[in-house]
Amino acid sequence: NFMLTQPHSVSESPGKTVTISCTRRSGSIASNYVQWYQQRPGSAPTIVIYEDNQRPSGVPDRFSGSIDSSSKSASLTISGLKTEDEADYYCQSYGVFGTGTKVTVL
Amino acid sequence: EVQLVESGGGSVQPGGSLRLSCAASGFTFSNYWMHWVRQAPGKGLVWVSRINIDGSSTYYADSVKGRFTVSRDNAKNTLYLQMNSLRAEDTAVYYCARPLGDSGYDFGYWGQGTLVTVSS
């Protein structure tokens, strides 16, 4: 089995852009689609990106996803940060979740 | 509207058993794979198990293999997770989840979760 490693936390001011990385050390990041989930305290996760870079209906276009095979990483970018974006974010590929990143909007 | 409602959580002693249920509505349950995902208090998400549309194929995380059994009753639109030989490290909120499409390892829809506490 493989692991997906994320930074523990990131913080940025409202209106700015934040990018969260998700690194797969073993195997290719492109081997399986990558999804991203947002989880606010006390709530179930919700999907914000699926199949590497697709946004489900209802998810603002401020959220975008990408993969970079050369760096074995996937990324979630949130632009125009809002206070409501403050949450934990998890990447996921096949049956593996990333370690999670806490996003703080200062 | 897709709805998933878990039930059956509670407190149990180590070595005990518990059966979780997940009642599905708002979609044709029998057409979709289903998954269980858990989250220990203050920790990250961990995939637990998945089942295909008719229950003929199941798959488990190594940490629960041989102790947990996933099943489904398509007539009742209900997913189950039978948990035996429970350990303290099984303490978690358990979520059922459905893919966006009819199969696959994405979790587009989630229930609200049910808490399982394993403690003496």
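The values are calculated or read from the model by the stated rules, or taken from the named source; none is laboratory data. Bear in mind that the values here come from a model prediction, so they are computed numbers and not experimental data. Ideal geometry is used to build each Cβ from the backbone, glycine not excepted, and the neighbour counts take in all protein chains shown.
Observations, loosely collected:
- Of the criteria (1) under 23 Å from B:V2 (Cβ atoms); (2) within 14 Å of chain B (Cβ to nearest Cβ); (3) surrounded by 18 or more Cβ atoms within 10 Å (Cβ to Cβ), which one A:E51 fails: (3)
- Qualifying residue in the range B:109-117 (condition: among the β-branched types (V, I, T), in contact (Cβ under 8 Å) with a residue 60 or more places away in the chain and more than 14 Å from chain A (Cβ to nearest Cβ)): yes
- Annotation: of all residues in the range A:97-106 being at pLDDT 95 or above and surrounded by fewer than 18 Cβ atoms within 10 Å (Cβ to Cβ), the one that is nearest to the other protein chains (Cβ to nearest Cβ) is A:T99.
- Boolean, B:V37 is within 12 Å of chain A (Cβ to nearest Cβ) and either surrounded by 14 or more Cβ atoms within 10 Å (Cβ to Cβ) or touching a strand residue (DSSP E or B) at 6+ places or on another chain (Cβ under 7 Å) (or both): yes
- B:A97 passes every criterion in (1) surrounded by 15 or more Cβ atoms within 10 Å (Cβ to Cβ); (2) within 14 Å of chain A (Cβ to nearest Cβ); (3) part of a loop (DSSP other than H, G, I, E, B); (4) in contact (Cβ under 8 Å) with a residue 12 or more places away in the chain apart from (3).
- Among the residues listed as B:G111, B:G66, B:G104, the single one being surrounded by 21 or more Cβ atoms within 10 Å (Cβ to Cβ) and of a type in the set (G, A, S): B:G111
- Filter result for the condition that a residue is away from chain B (no Cβ under 13 Å), more than 30 Å from B:E6 (Cα to Cα) and either touching a strand residue (DSSP E or B) at 6+ places or on another chain (Cβ under 6 Å) or surrounded by 17 or more Cβ atoms within 10 Å (Cβ to Cβ) (or both), over A:K72, A:K16, A:K82: A:K72
- Here no strands (runs of 3 or more DSSP E) wholly within the range B:1-83 include at least 3 residues being at positive phi, in contact (Cβ under 8 Å) with a residue 12 or more places away in the chain and β-branched (V, I, T).
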